[in-house]
Amino acid sequence: MSKRIALLAVLAAWLLSFAGSAGAITGNYTKDVVHDNVGLIVFYTPNTPAGQDPFSHRCSGTLISSTLMVTAGHCTQGVDSGRVYFQQAAAPKYDPNAFGGWGGDPTTGYPYQNGVTFTRADNFGFLLGFPETGDLGVVVLDTPVTPVNGFATLPGVGAVDAYVNAAAKKQQARFTVSGYGLSDQDPVPVSFRERLTATSYAVNNEAPITEFNLKTTANASRGKGGTCNGDSGGPVFFYGTTVIAAVTSFGMNGQCKGLDFSYRVDRAHLLAWILNPNRADAG
């Protein structure tokens, strides 16, 4: 899956694992035909001069209502418009020469035509600090979408702690990740621009970072999977549900291996911000 952009100087070694431009589910992943509430979000650079490529970056996100998507704050920072594609394969016939050499898929329109447009993207407060990064964002669609398999739902306050603490072993605290990011970054990026899914496991819930970020596995051993560039903002569901525990945020290295960190949304002030139509936009 995909996830990455920049956090702080202290995260300099981790920046390549942020989902800014592209990415996908890694490890033991499968095609995700179930979570049709998860979409590939394309963001456009503001005020792009005529004749220049407006594409800025892409992330993943999840519908919690017909017009509201939850994603990562580093995805929505400094941008407000774009398109969302909900097909499992958003660009199956990607051609680098399409759209006048900008690249894309003329059959789906990715990333310049079709899809569902949006002209509002809010950022909770990305780069607040570390480990409280504020890496949460929302996208408001211009027209409503109703997924066949239903909307995702938000968690209750403290749901992550309750879930992990209830597991006899951390490995039994499983999560489902979904997104359109890279499937590999070593030695070269591998991107299908498809919605993929995998199962991850909690690693630790006692470190200071875990108050704000869910810490899960990323290596493809014992059936595990993880996230990568482009998966940023995609959901980390409690296993067997469509309840969002966290949104994909950052990883440990540029090869999308080791550990994954996703920004927890199970806190009262974050839930209130998401659901507030008059939410403040930190950029």
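The values are calculated or read from the model by the stated rules, or taken from the named source; none is laboratory data. Note that the coordinates shown come from a computational prediction; the quantities given were computed from them, not determined experimentally. Positions of Cβ are backbone-derived with ideal geometry, glycine not excepted, and every protein chain shown enters the neighbour counts. Calculation scope for accessible area: heavy atoms of the full protein, side chains included, ligands and nucleic acids excluded. Shrake-Rupley method; radii C 1.70, N 1.55, O 1.52, S 1.80 Å.
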**OP:** Give the residues of segment 59-77 that are in a strand (DSSP E or B) and open to solvent by less than 10 Å² (accessible area, probe 1.4 Å), sorted by residue number.
**Re:** CYS59, SER60, GLY61, THR62, LEU63, MET69, VAL70, THR71
**OP:** Please verify whether segment 112-133 includes one or more residues that are among the β-branched types (Val, Ile, Thr), under 14 Å from the mean Cα position of the chain (by Cα) and within 24 Å of PRO155 (Cβ to Cβ).
**Re:** no
Original post:
Give me the pairs: first residue in segment 139-157 and under 18 Å from ILE244 (Cα atoms), second residue among the small types (Gly, Ala, Ser) and assigned to a loop (DSSP other than H, G, I, E, B), beta-carbon distance under 7 Å, and six or more apart or on different chains, which are they?
Top reply: THR146/SER66; PHE151/SER65
**OP:** From the list PHE175, PHE130, PHE118, pick out the single residue that is under 25 Å from PRO277 (Cα atoms) and either in contact (Cβ under 8 Å) with a residue 24 or more places away in the chain or of a type in the set (A, V, I, L, M) (or both).
**Re:** PHE118
Original post:
Among all residue pairs at least 6 apart or on different chains, which show Cβ distances below 8 Å where the first residue, located in segment 265-281, is of a type in the set (Phe, Trp, Tyr) and the second is surrounded by 10 or more Cβ atoms within 10 Å (Cβ to Cβ)?
Top reply: TRP273/PHE124; TRP273/LEU136; TRP273/ARG279; TRP273/ALA280
**OP:** Name the one entry in THR45, THR30 that is polar (S, T, N, Q), open to solvent by 40 Å² or more (accessible area, probe 1.4 Å) and modelled with pLDDT of 90 or more.
**Re:** THR45
Original post:
Going through segment 48-58 one residue at a time, which ones are among the charged types (D, E, K, R) and either in a strand (DSSP E or B) or within 15 Å of THR119 (Cα to Cα) (or both)?
Top reply: ARG58
